[in-house]
Amino acid sequence: MKKTIRIYTVILVLLLVFHSCKTNNKTIPQYSEKQNIILINIDDLGWRDLGFMGSDYFETPNIDALSKKGIVFTNGYAASANCAPSRASLMTGEWVQRHGIYTVGTSERGKSKDRKLVPTQNTETLSDEFFLLPQLLQKNGYTTIHAGKWHLTEDPLNSGFVINIGGSHAGHPKSYYPPYRNVDLLGEPGKRLTDLVMDKTLDYIKNTKGPFFLNYAPYAVHTPIQPVPELVEKYKNKSSSLGQDNADYATMIENLDSNLGRLVATLEETGKLKNTFIVFTSDNGGLFSVSKQHPLRSGKGSYYEGGIRVPFFFVWNNVISAMQRSDEPISNLDLYPTILEVAKVKAPKSKNLDGKNLVPLLTGEQQTFNRPLYWHFPVYLEAVALENENRDPKFRTRPGSVIRFGKWKLHHYFEDDAIELYNLEEDLGEKNNVAETHGAITKELLQLLINWRENTMAPVPSALNPDYKE
């Protein structure tokens, strides 16, 4: 009798394993040919600056249509609140304290007399010790194309790309019309830089054989705010219930949208859309002086939601179902392992990967990761306008770090050991600090944040600045 029970038990286990494998095979994407990968990383595009994210002012019909082909993440984040560290984390897959790029330029931003602490020294050029995403893809048979802003080293061709369209250490163009000056591209008189970068990108897409990785990172919509002249008039007479009213900026967004429409049309015409994985996001929040992101607080450079929450969606034909939205918090740190999964490429065992492979979320195999997200900023970033919705008018942010876990978000500032706690479900605008009334949650999140800093050897500045004046 016992022997019979054992036999039935073994058969039942085998059947369960077989059924599990069949079930998993339905949700995990199965494909034989290498997938093309397009990473669209817009510069300074705010969370609310698109039609599908609720803007009633900016016109983005092509981006809106593309977003409907896949899944939109309403709680998508950049790894940093400004461009260079965010892009470095995306390309390395690692938290900012690992690569040391915390800001653009020096960490001693603003007036010395206003800085209480001596900030951590900033790294301005990404070290070649890091194994970057394009390097790994190139080694595994991908044609790697960079188009637009790079900002991490002098030449993306030394960082895993075989084609470079206008990328260098420059953070933004001196002009969107020729001569572009600090962007090494030649355009006909009147040729807008955003159009020229896309022209050259499409030439490569049409002629590239085999799988390709495109890092499309247009300089748009970063300053200078230079309008498309023929589009300005219609926005001057347009109203918005959200307080978005910058007509010149609106024309830049519409021009960007038109170019992305050209990209999608070319993929369709060449038959490449059907096996292309597309990511759309922004490197940080919108510039507050240019476009408000309400109800989010503040903007680029700040670690309130307006500075780090960004538009984020994924499209993958026949793998990701259309018309989806998710509230699961994700980060651009997740893109490195996700893209490797799509490309069927394994990272070296020694490689730090601080994000998660999102494919289980994208396919519906999994609904949540139930994990904390972290940010660290041990330097100063001065304000660009007195009206900024930050903690004070002098700085967009002061040295500190942040954790989000579930609906809770905690800020820890190093100058005065200040703590702010917000319930994002009830207070998306981060207006009501509930740290004192929710002591247990504050204590738990702060300890997680401290442990994370210790485990990753994140520098916490403590030396007092002798020039400081209260």
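Quick note: the coordinates plus some simple rules give every number you see, no bench work behind them. Because the structure is predicted, anything quoted here is derived from the model rather than measured. Here the Cβ is made from the backbone with ideal geometry for all residues, glycine too, and neighbour counts use every protein chain on show.
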**Study point:** Isotropic mean projected area of the C-alpha convex hull, the range 344-419 (nm²)
**Key:** 8.3 nm²
Practice item. Please work out the C-alpha center-to-center distance from the range 263-309 to the range 141-176 and express it in whole Å. Key: 19 Å
Exercise for review: Give the percent of DSSP beta bridges with both residues in the chain that are antiparallel, rounded to the nearest 5.
Suggested key: 55 percent
Review point. List the GluC sites (Glu not before Pro) in the range 104-174 that DSSP assigns to loop (not H, G, I, E or B) and whose Cβ has at most 11 other Cβ atoms within 10 Å. Which are they?
Key: Glu129
Check your understanding: Using the membrane-span-like helix rule (whole DSSP H runs, Cα extent along the own axis of at least 20 Å, mean Kyte-Doolittle hydropathy at least -0.5), which helices of the chain qualify?
Key -> 2-27, 193-207, 247-269, 439-455
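Where a ≥ b ≥ c are the square roots of the eigenvalues of the C-alpha gyration tensor, would you call the range 102-223 rounded, which needs a/c under 1.5, or, failing that, prolate if a/b is larger than b/c, or oblate?
Cα axes put the range 102-223 in the oblate bin.
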Point to revise | Check: the range 374-455 dipole with +1 on Lys, Arg Cβ and -1 on Asp, Glu Cβ, in debye | key: 240 debye
Exercise for review: Have a look at Gly439, Gly406, Asn423 and report the one farthest towards the positive end of the charge dipole of the range 399-442, computed about the Cα centre with Cβ charges (Lys/Arg +1, Asp/Glu -1).
Suggested key: Gly406
Exercise for review: State the answer as a single residue: which of Leu267, Gly76, Pro179 lies farthest towards the positive end of the charge dipole of the chain, with beta carbon charges of +1 for Lys and Arg and -1 for Asp and Glu, about the Cα centre.
Suggested key: Leu267
Review point. How high is the FRET efficiency between Ala463 and Ser321 when r is their beta carbon distance and R₀ equals 45 Å, given to the nearest 0.05?
Key: 0.30
Revision key, fill the gap. To the nearest 0.05, the calculated FRET efficiency linking Glu425 and Ile450 through their beta-carbon distance, R0 being 35 Å, is 0.90
Review point. On full extension of the chain, what length is gained from Asn352 through Asp184, given 0.36 nm per residue of separation minus the C-alpha to C-alpha distance?
Key: 57.1 nm
Study note, to complete from the structure: Treating only Lys and Arg (+1) and Asp and Glu (-1) as charged, each at its beta carbon, one finds that the chain has a dipole about its Cα centre, in Debye to the nearest 20, of 1720 debye
Review point. When only DSSP loop residues count, what trypsin sites (Lys or Arg not before Pro) in the range 202-311 have their Cβ near at most 11 other Cβ atoms within 10 Å?
Key: Lys209
**Study point:** Of the GluC sites (Glu not before Pro) in the range 277-366, those whose Cβ has at most 15 other Cβ within 10 Å and which sit in DSSP loop
**Key:** Glu365
Practice item. Could you give log10 I(q)/I(0) at q = 0.17, 0.22 Å⁻¹ for the range 158-246, computed by the Debye formula over C-alpha point scatterers of equal weight, without solvent? Key: -0.84, -1.13
Revision key, fill the gap. In terms of the alpha carbon gyration tensor, root eigenvalues a ≥ b ≥ c, rounded if a/c is under 1.5 and otherwise prolate when a/b exceeds b/c or oblate, the range 374-455 is oblate
Practice item. Name the aspartates and glutamates eligible as straight-distance cross-link partners of Lys292: C-alpha to C-alpha under 13 Å, and not fewer than 8 places from it in the same chain. Key: Asp44, Asp49, Asp56, Asp245, Glu305, Glu387, Glu389
Practice item. Could you count how many Lys pairs in the range 106-245 have their Cα atoms under 30 Å apart, skipping same-chain pairs fewer than 8 positions apart? Key: 27
Revision key, fill the gap. For the chain, the charge dipole (Cβ of Lys, Arg +1; Cβ of Asp, Glu -1; about the Cα centre) points to a positive end, and the Cα of Gly51, His99, Asn207 closest to that extreme belongs to Asn207
Study note, to complete from the structure: So, with points 7 Å from each Cα along the Cβ direction, the Tyr177-Lys191 label distance in nm works out to 1.6 nm
Check your understanding: Can you give the three extents of the C-alpha atoms in the range 31-92 along their principal axes, from longest to shortest, in whole Å?
Key -> 39, 32, 18
Check your understanding: Of all the Cα-Cα pairs you can form in the chain, what percent are over 40 Å apart?
Key -> 20 percent
Exercise for review: If a/c stays under 1.5 just call it rounded; otherwise compare a/b with b/c (prolate if a/b is bigger, oblate if not). Do that for the range 269-348, with a ≥ b ≥ c from the square roots of the Cα gyration tensor eigenvalues.
Suggested key: prolate
Review point. Aspartates and glutamates near Lys34 by alpha-carbon distance under 20 Å, same-chain residues fewer than 8 away left out - which ones?
Key: Glu268, Glu269, Glu341
Check your understanding: If you stretched the chain out fully between Asp417 and Glu387, how much longer would it get, using 0.36 nm times the residue separation minus the C-alpha to C-alpha distance?
Key -> 8.3 nm
Point to revise | For the range 81-113 and the range 220-257, distance of Cα centres in Å | key: 29 Å
